[in-house]
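Colleague: For reference, the structure I am asking about is given below.
The values are calculated or read from the model by the stated rules, or taken from the named source; none is laboratory data. No experiment lies behind these values; they were computed from the predicted model shown. No Cβ is skipped: glycine too gets one built from the backbone with ideal geometry, and neighbour counts run over all protein chains shown.
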Amino acid sequence: MADETTYNESTSSTDRGEHELGEALGQSEAFLEFQERLSRAAKVDRPVLVLGERGTGKELAAARLHYLSPRWQEPFVTLNCAALAPGLIESELFGHEAGAFTGALRRRTGRFEMAQGGTLFLDEMGAIPLEVQEKVLRVVEYGAFERVGSSQATRVDVRIVGATNADLVALAAEERFKPDLLDRLSFEVLFLPPLRERAGDILLLASHFAARMAHELGRDEIPEFDGPVAAALEAYPWPGNVRELKNVVERAVYRSDERVIREMVFDPFVPPYAVARPETPQPEMAQPVSPATDSLANAAVLPPFEEAVQELELSLLRTALNRARFNQRKAAELLGLTYHQFRGHYRKYAGQLKR
């Protein structure tokens, strides 16, 4: 049984309506502090931004905001803005009239109308085009919008919860996100802690995912991790956060015929014959990747600090890109960076990083 410092919530679609809230589990100070701030924000009927790296559970946090709010009996509607082509987002959010464009054979209700009285969760909202942001701003300010192809105002009462792993402040400075909209949406900004900053939660979550996977496989015994594997789990940087941990643990339980898990595969794309048991786990990039550090250690005269830092940054970027075959998202993972953090460094050295 979890102690009183552990927060664990599990609900099904039968007692939470159409949306399955899922599970949140943790006992670290960072996790509990986040949950406390979330619970406080849930009770105030204002927009909220949830910021965090991929895989940290932003939709889960948004759902909890909704179900702890006075709107909990009303709809919780979600939209992943990055999953739609820019030209489709406006119709998806606001709906359209019959004949508004080719293929619009009948009126369609948008997500704002679907969420009437409840909460609309806009995931990856940094992907919303500027012209659509203008309409979202009008909904936030006046509670009204026009469907695509209509000049008649439709009124709605919806709470907006936005989420992204992008730097919205930087996007606003680059004129890719409306500052007025950012101001309206940031009544409260909640920062989801990455898994690497949740000391003590990794093994707790891993045991939970292992037990659930064993149950799914019809096994009676609850899996356990041997010492080296437990150490590997805690040492790994988890660039994909909780989502990645879940996949890694479930894979290990599925592949093991024993109750005690003695092998953990962090990268499923490495051929089986190349996978070694992680006796002394280290992130891939923790090992030397450039002769730059060795040459500095042996140099008779040290170069200027900024020059040395730039040389090391450039070397790390080159090595990560080569290992990832110039897949920038994969290279960002290898360096323990978010994609947008990596893009910032890449732009800085773009002229020197060409293939």
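Colleague: Would you call F187 at pLDDT 95 or above and either surrounded by 18 or more Cβ atoms within 10 Å (Cβ to Cβ) or within 30 Å of G110 (Cα to Cα) (or both)?
Modeller: So F187 fits the description; yes.
Colleague: Follow-up question, since we're still on this one. Mind checking which residues of the stretch 131-171 are assigned to a loop (DSSP other than H, G, I, E, B), in contact with a Leu (Cβ under 8 Å, 6 or more places away or on another chain) and of a type in the set (A, V, I, L, M)?
Modeller: V158
Colleague: What number of residues in the stretch 324-351 are among the basic types (K, R) and farther than 28 Å from P193 by Cα?
Modeller: Total meeting the criteria: 1.
Colleague: Out of the residues in the stretch 75-109 that are among the aromatic types (F, W, Y) and either under 24 Å from A166 (Cα atoms) or in contact with a Phe, Trp or Tyr (Cβ under 7 Å, 6 or more places away or on another chain) (or both), which is modelled with the highest pLDDT?
Modeller: Among residues in the stretch 75-109 that are among the aromatic types (F, W, Y) and either under 24 Å from A166 (Cα atoms) or in contact with a Phe, Trp or Tyr (Cβ under 7 Å, 6 or more places away or on another chain) (or both), the one modelled with the highest pLDDT is F76.
Colleague: Would a scan of the stretch 43-52 turn up a residue that is within 20 Å of the chain's Cα centre (by Cα), at pLDDT 95 or above and over 30 Å from L205 (Cβ atoms)?
Modeller: Within the stretch 43-52, none of the residues are within 20 Å of the chain's Cα centre (by Cα), at pLDDT 95 or above and over 30 Å from L205 (Cβ atoms).
Colleague: Restricting attention to the stretch 278-293, and to residues there that are surrounded by 11 or more Cβ atoms within 10 Å (Cβ to Cβ) and in a loop (DSSP other than H, G, I, E, B), which single residue is modelled with the lowest pLDDT?
Modeller: V289
Colleague: Still on this structure, please answer the following. Within the stretch 186-208, does at least one residue satisfy the condition of being closer than 27 Å to L32 by Cα, among the polar types (S, T, N, Q), assigned by TED's automatic domain parsing to the domain that holds R64 and in contact (Cβ under 8 Å) with a residue 60 or more places away in the chain?
Modeller: yes
Colleague: Sticking with this structure for a sec: Looking at the stretch 215-223, is at least one residue surrounded by fewer than 19 Cβ atoms within 10 Å (Cβ to Cβ) and assigned to a helix (DSSP H, G or I)?
Modeller: Yes.
Colleague: Hey, among E124, E134, E141, which residue is in the same structural domain as K58 (by TED's automatic domain parsing) and touching a strand residue (DSSP E or B) at 6+ places or on another chain (Cβ under 8 Å)?
Modeller: On inspection, the qualifying residue turns out to be E124.
Colleague: Against the condition modelled with pLDDT of 65 or more, more than 29 Å from the chain's Cα centre (by Cα) and not aliphatic (A, V, I, L, M), how does E258 come out, does it pass?
Modeller: Taking the combined requirement at face value, the residue satisfies it.
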